[in-house]
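Every read-out reported here was derived from the displayed coordinates using simple, explicitly stated rules and does not represent laboratory data. As the structure is a prediction and not an experimental result, all values here were calculated from the model. When we count neighbours, we look across all protein chains shown, and the Cβ atoms used for this are built from the backbone with ideal geometry, even at glycine.
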Amino acid sequence: MSRHATCPVSGLAIDNPDLSLQIEYEGIWLYFCCPSCEDTFLREPDHYISGHRSFYFF
C-alpha cells in the first residue's frame, strides 16, 4: 500500500513517510521533510497543528 504525508511546516509532500523524520504529537504521527522543519515544529507545535488536520496521512 502506498502512503504519503505532508510536512506540517513546509507543506511539501512526503512520498515515503517510513523513511522520513517522524514524531508522535498528541497521539498523531507527523512526518517532516527535513530536520529544520522538525525543529521549527517543536518550538511552536500548536501553531502548525491548529486547523491543519490535512497534514496527517491521507
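Here are some notes:
- Projected-area mean, region 5-55, by convex hull of Cα positions, square nanometres: 3.1
- Ranked by the mean number of other Cβ atoms within 10 Å of their residues, highest first, the peptides 20-28, 34-42, 6-14 come out as 6-14, 34-42, 20-28.
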